[in-house]
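The values are calculated or read from the model by the stated rules, or taken from the named source; none is laboratory data. Here the structure is a predicted model, which is why all the values come from computation and not from measurement. With ideal geometry, Cβ positions are generated from the backbone for all residues, glycine too; neighbour counts draw on all protein chains shown. Accessible surface is based on the protein model in full, side chains and every heavy atom, while ligands, DNA and RNA are left aside. Shrake-Rupley method; radii C 1.70, N 1.55, O 1.52, S 1.80 Å.
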Amino acid sequence: MSVTDLDLGAELGATFSGRLIDRRSAEYDEARRVHNGLVDRRPLLVAQCFGASDVIDVLGLARRAGLEVAIRGGGHSVAGLSTVDDGVVVDLSPMKGVHVDPSRATVRAQPGVTWRQLNRETALHGLAVTGGTISTTGIAGLTLGGGFGWLMGAFGLAADNLRSAEVVTAGGELLVASPDEHPDLFWALRGGGGNFGVVTSFEYALHPVDQVVGGLVAHPFEAARDVLRFCRELAAGAPDELGLVAALVHAPDGSGAPLAAIAVCHCGDRDAAERDLEPLLAFGSPALTQVGPMPYPAVNTMLDDSYPPRALNYWKSSFLSDLRDDAIELLVEGFAAAPSPMTLVAIEHHHGAATRVGVSETAVPHRKAGFNVLLTSVWSDPATTDANVEWTRGLFAALTPHLAGRRYVNYLDADDDGESVARAAYGENYERLAEVKRRYDPENVFRRNLNVPPAGS
């Protein structure tokens, strides 16, 4: 049976409150697009859902028709996992509800919300939770994959701050997962990706964060080696409140000149921030210094322009064993040969509260202090796709001796699939995830992700 064999009006029309967009619809091409312009898939149906009931209906339709399902929140999956050829996209992007409870210091948000939208609402109350480093990213995918961000040193990962989740299972059951209800599912949702169900509501703990001290300092590329070594030293003594990302970037002024930068977000008090950032501001001879007090939501947008919607993206990422001089040399030399002026290399410092959670307390196994390196090739001309992909693969391969063999779910690309990658991402939690998968999705309906097949399959 296929979708064309079903009378969609009879199947969903009487109850479905969202919008059904198929290949005949005028808005089909817009509805099927995702953030990464390199991904060009043609689903049979895009079902834009307005609530959990719509999700249940669409999953039932897809199962009856025997069609593969992709779940779309913010649509930022670089690997293209939020869409599918000849299947059904359960599009959660219209689900935008956000409710802040300042008395409990919590926020409940639906899966179509982006970090920009959530931050805006929580900031009204002087509160925040760890979100992505890019504000256009959806809360759903980032949280389910773990959730690195500017505040993770102070407050842990986004997944560490999840307090409960409303989930639609593969069988169409609506559950609440929390430490007290379905605790095995709750454990798996915090880092296990989209393997276990469709989350239709997230509840997070919030923290007092209003003004932060943030921004970036950029140096001429000739100083890149010294800048990365300095960042290594700064990170070694960084307090929990100081988030650091070192980056090799191209100037946004149209010249395309390469630069070495350090971006920061300090969420502590003003005096502590000034003291902790003094070495950064005194170092070297920067070409640009833009660091100062600002609202937290502003920090969360400062890298957005580097990742414009519909640009072509191909990423590679892994944790570094250490940011040694020889690894720095490879990164600097490699970046100098990047074929696109939109490409960026980021080195995220992983420390503080995010590393003080036990490996088995959540599904996220990445609890060692250190660095994650991210090669983000971004370009606009399809004719240069091969050159950009080859450059990314080549530099990543050269870095292999320096990599720790651990991978972060949210930075994986279209090549990253299969059990070996899943085990690198989930570590010693893989077997337990497979058991949870067997209980909640024994037929592996939710497989458009870094998949963990059900135990025994």
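Taking the 0 to 90 degree range and rounding to the nearest ten, how far is the long axis of helix 430-440 tilted relative to the main principal axis of the chain, both from C-alpha atoms?
30 degrees
To the nearest 10 square angstrom, what accessible area does SER457 show with a 1.4 Å probe?
Here the accessible area works out near 110 Å².
Bin all alpha-carbon pair distances of segment 43-148 at 5 Å intervals from 0 and give each bin's fraction as a whole percent.
Result, from short to long distances: 2, 13, 21, 21, 17, 12, 7, 4, 2, 0 percent.
Report the Cα centroid-to-centroid distance between segment 130-208 and segment 99-116 in angstrom, as an integer.
If we compute the Cα centre of each part, the gap is 12 Å.
Once a ≥ b ≥ c are taken as the square roots of the eigenvalues of the Cα gyration tensor of segment 328-457, is the result rounded (a/c under 1.5), prolate (a/b larger than b/c) or oblate (a/b not larger than b/c)?
Numbers: a/c = 2.76, a/b = 1.55, b/c = 1.77.
Oblate, since a/c reaches 1.5 and b/c is not below a/b.
Quick check: pseudo-label points 7 Å beyond the Cα along Cα→Cβ at THR355 and VAL98, how many nm apart are they?
Distance between the two pseudo-spin positions: 3.1 nm.
With a probe of 1.4 Å, find how much accessible area the chain has per residue, and write the answer as a whole number in Å².
Each residue of the chain exposes 38 Å² on average to a 1.4 Å probe.
Which aspartates and glutamates, on any chain, are close to LYS368 with Cα under 12 Å apart, when same-chain ones fewer than 8 places away are left out?
By straight Cα distance, LYS368 reaches ASP322.
Testing the spin-label approximation: label points 7 Å from Cα along Cα→Cβ at GLU329 and LYS368. State their distance in nm.
Rounded to a tenth, the inter-label distance reads 2.3 nm.
I want to check the label-to-label distance for SER420 and THR15. Put each point 7 Å from Cα in the C-beta direction and report it in nm to one decimal.
So the two model labels end up 4.5 nm from each other.
Test of understanding: what is the full-extension gain from ALA387 to HIS125, defined as 0.36 nm times their sequence separation minus their Cα-Cα distance?
Gain in length upon complete extension: 89.6 nm.
Taking the mean number of other Cβ atoms within 10 Å as a proxy for protection, how do you rank 145-153, 247-255 from highest to lowest?
145-153, 247-255
Given a 1.4 angstrom probe, I'd like the percentage of the accessible area of the chain that is carbon and sulfur, rounded to a whole number.
Its accessible area is 50 percent carbon and sulfur atoms.
Going by accessible area, probe 1.4 Å, with all protein chains left in place, what is the ranking of SER103, SER306, SER321, largest first? Walk me through the intermediate numbers first.
Numbers: SER103 105, SER306 40, SER321 70 Å².
Per-residue accessible area, sorted high to low, gives SER103, SER321, SER306.
For helix 52-65, what angle does its Cα long axis make with the longest principal axis of the chain, in degrees from 0 to 90 and rounded to 10?
70 degrees
Round to the nearest 0.05 the FRET efficiency obtained for GLU428 and SER285 when R0 = 60 Å and r is the Cβ-Cβ distance. The partial results should precede the final answer.
On the way: r = 46 Å, r/R0 = 0.77.
Here the calculated transfer efficiency is 0.85.
With a ≥ b ≥ c the root eigenvalues of the C-alpha gyration tensor of segment 211-324, is it rounded (a/c under 1.5), prolate (a/b larger than b/c) or oblate? Mind dumping the intermediate values first?
Values: a/c = 1.44, a/b = 1.24, b/c = 1.16.
Verdict is rounded for segment 211-324.
Could you rank the peptides 113-119, 274-280 by their average count of other C-beta atoms within 10 Å per residue, with the highest value first?
Top of the packing list down: 113-119, 274-280.
Could you sort LYS368, LYS96, LYS316 by their accessible area in this structure, using a 1.4 Å probe and putting the largest first?
LYS368, LYS96, LYS316
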